[in-house]
Amino acid sequence: MPATADLEFLSVPREPSTGDTGRAASLISETEHRFRVHTAAYTKAEVLELEQQHIFRRAWCYVGHESELTKAGDFKTGHIGDQPILVTRSEDGGIHVMLNRCPHRGAVLCREPGGNRRALICPYHAWTFAIDGRLVSVTGRDDASGYSEFFEAPEGLYRVPRIETYRGFVFATLDAKAPALLDSLGRAKILIDRKLNQSPNGTLTIRSKPYVGIYEGNWKFHAENIIDGYHFMYTHQSFVKLQNKFGDTTGDFGVHKGGSASEMKKIRTRGSVWGCEGGHILNQKPAIDTQEMLSGPFAEYYQSIEKLYGAEEFQWIFGSNAGCIFPNFGMIHNQIRTWRPIAPDKTEVRIYLYDLDGAPPAFNEGMLRSQERFYGPSGHGMPDDIEIFAANQQGLSASQLEWLILERGMAAEKPLGDGDIEGLPSSETGHRAFWRAWRRSLSSGSGQ
Ligand code: FES
Ligand SMILES: [Fe+2]
């Protein structure tokens, strides 16, 4: 077994230092045939503080999609790690990402999840900011008890220093020196491309508010699970049984298609997992029967996509693509997901469903209905995962057993280039890439 990690610092409350990041990195034990993660990586508040500093405040984090902010004055609130943020659209069409904090005495400026405003007025003393964050007015500035001629008013809200958009997906980073977004995404950008290429227009639209859930477990359980090709047949046994009994109850939209346990198992042996250098993970499976698609009820639509990208790529575009972009963004089926740690044992997940622009309305509708059967509070599948995250966290309180085992498929990996690795579909290849990026971030103080 790996040696006990150097955990002394975890019980000593003090400001994290470079030394602490080095010792946190020792929470992963890796040799040629072994890969183990220490329990403390999921349970200790000190580790979460280091993650906030060295991962969430450095990496490119997903903050929203352009279709959520179509008009001037539209805004949404959210977080980059533990930093509350405000994303807005100004009159000139620009998108702005700012801290949701009044520079006067700290009040949160916008308390609702989103909406439209002409200006941002602080609820405490009514300082007013333009929708792009500029300070417009200070109430009572010239009162007898107001500010003197020496008052240096702030320019406005604190701007997150870097914002970049890729095909409508808005990412931001608090690290002014971060590499370009596309360099950071690397090979993993194909996740976004293949999802968008399902649309004849190459775009998508989020039409509804997110489904927001909070679970009693560490944030990394979610990042690991969204691409986990190992658990489905076991965690979701009740769903598999339903399929066995009633046939394909999920509809014919590629969402957990199968109809029988053996078919579902067969699907899960297709494709591969990519574990990328940047910590991103993709689990990709080609479509089962493209001929059926190209001649079925949505033939015209499918044919138009095949014509655009060719037969080989078509089977991947309409296969099953799930991915995690390090650290807080995922896509699965027609969902965008983002997650943030609230505490070591508490995580918020936001799920946004989208329509594929230009796809037949009946197709978008079918995808939506299919989603409802598996995800959401009354779905047949997602509650299983949430239950497991809580069970994992509870299990980790048995801390006499120190290490978790993430070695599946280690012997059958192939390099893809640029430090990316390909593994078998139910391997933990992607998990290991995630954890290596995690370790690198904590060791070097860089999230990239
Ligand atoms: S805290 Fe915002 S105006 Fe005073
Ligand atoms: Fe699951």
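Note on the stretch 271-287: residues that are outside any strand (DSSP E or B), out of contact with any Pro (no Cβ under 6 Å at 6 or more places or on another chain) and surrounded by fewer than 24 Cβ atoms within 10 Å (Cβ to Cβ) amount to 3.
Among the residues making up the stretch 333-361, those that are in contact (Cβ under 8 Å) with a residue 40 or more places away in the chain and out of contact with any strand residue (DSSP E or B) (no Cβ under 7 Å at 6 or more places or on another chain) are His333, Ala343, Pro344, Asp345, Gly358, Ala359, Pro360. Kindly evaluate Leu10 against the criterion of being buried (at least 19 other Cβ atoms within 10 Å of the Cβ), in a helix (DSSP H, G or I), modelled with pLDDT under 95 and not assigned by TED's automatic domain parsing to the domain that holds Ala411. So Leu10 passes the test.
When you scan the stretch 335-350, do you find a residue that is of a type in the set (Lys, Arg), under 20 Å from Gly296 (Cα atoms), out of contact with any Cys (no Cβ under 6 Å at 6 or more places or on another chain) and outside the structural domain of Asp82 (by TED's automatic domain parsing), even just one? No: the stretch 335-350 contains no residue that is of a type in the set (Lys, Arg), under 20 Å from Gly296 (Cα atoms), out of contact with any Cys (no Cβ under 6 Å at 6 or more places or on another chain) and outside the structural domain of Asp82 (by TED's automatic domain parsing).
Restricting the stretch 112-143 to residues that are among the hydrophobic types (A, V, I, L, M, F, W, C) and part of a loop (DSSP other than H, G, I, E, B), the residue that is farthest from ligand 2 (Cβ to nearest atom) is Val138. For the stretch 229-256, residues that are within 30 Å of Ala433 (Cα to Cα), modelled with pLDDT of 65 or more and either more than 16 Å from ligand 2 (Cβ to nearest atom) or in a loop (DSSP other than H, G, I, E, B) (or both) total 4.
Annotation for the stretch 288-305: no member residue is within 15 Å of ligand 2 (Cβ to nearest atom) and not in a helix (DSSP H, G or I). Answer yes or no as to whether Leu69 is within 16 Å of ligand 1 (Cβ to nearest atom), crowded, with 18+ Cβ neighbours inside 10 Å and not polar (S, T, N, Q). The answer is no for Leu69. From the list Pro415, Pro383, Pro425, the one residue that fits, being outside any strand (DSSP E or B) and without any contact (Cβ under 8 Å) to a residue 40 or more places away in the chain, is Pro383. In summary, Arg369 fulfils each of the numbered conditions (1) of a type in the set (Lys, Arg); (2) at pLDDT below 95; (3) in contact with a strand residue (DSSP E or B) (Cβ under 7 Å, 6 or more places away or on another chain) with the single exception of condition (3). Ile226 satisfies every condition listed in (1) more than 16 Å from ligand 2 (Cβ to nearest atom); (2) buried (at least 20 other Cβ atoms within 10 Å of the Cβ); (3) of a type in the set (Val, Ile, Thr) except (1). Among the residues of the stretch 366-412 satisfying the criterion of being among the acidic types (Asp, Glu) and buried (at least 18 other Cβ atoms within 10 Å of the Cβ), which is nearest to Leu282 (Cα to Cα)? Among those that are among the acidic types (Asp, Glu) and buried (at least 18 other Cβ atoms within 10 Å of the Cβ), it is Asp385. Report whether or not Lys177 is free of Cβ contacts under 8 Å to residues at least 40 places away in the same chain and either more than 27 Å from Gly319 (Cβ to Cβ) or surrounded by fewer than 20 Cβ atoms within 10 Å (Cβ to Cβ) (or both). Yes: the conditions hold for Lys177.
Return yes when Ile190 is surrounded by 17 or more Cβ atoms within 10 Å (Cβ to Cβ) and in contact (Cβ under 8 Å) with a residue 12 or more places away in the chain and no when it is not. For Ile190, the condition - surrounded by 17 or more Cβ atoms within 10 Å (Cβ to Cβ) and in contact (Cβ under 8 Å) with a residue 12 or more places away in the chain - is met.
Does the stretch 78-94 include one or more residues that are farther than 21 Å from Leu174 by Cα, crowded, with 20+ Cβ neighbours inside 10 Å and away from ligand 2 (no atom under 16 Å from the Cβ)? No, the conditions are met nowhere in the stretch 78-94.
Can you tell me which residues in the stretch 21-50 are in a helix (DSSP H, G or I) and of a type in the set (Asp, Glu)?
Glu46, Glu49, listed by residue number.
So that you can scan it fast, the table gives a plain yes or no per residue for (1) outside any loop (DSSP other than H, G, I, E, B); (2) closer than 30 Å to Thr205 by Cα:
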site	(1), (2)
Thr77	yes, yes
Asp92	no, yes
Arg105	no, no
Leu109	no, yes
Ser145	no, no
Phe151	no, no
Ile163	yes, yes
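For the stretch 126-154, filtered to residues that are of a type in the set (A, V, I, L, M), away from ligand 1 (no atom under 14 Å from the Cβ) and modelled with pLDDT of 90 or more, the residue that is nearest to the chain's Cα centre (by Cα) is Ile131. A single entry from Glu313, Glu348 fulfils the requirement of being over 23 Å from Gly64 (Cα atoms), surrounded by fewer than 22 Cβ atoms within 10 Å (Cβ to Cβ) and at pLDDT 95 or above: Glu313.
The values are calculated or read from the model by the stated rules, or taken from the named source; none is laboratory data. Please read all numbers here as calculations on a predicted model, not as lab measurements. Neighbour counts are summed over all protein chains in view; Cβ atoms, including those assigned to glycine, are modelled from backbone coordinates with ideal geometry.
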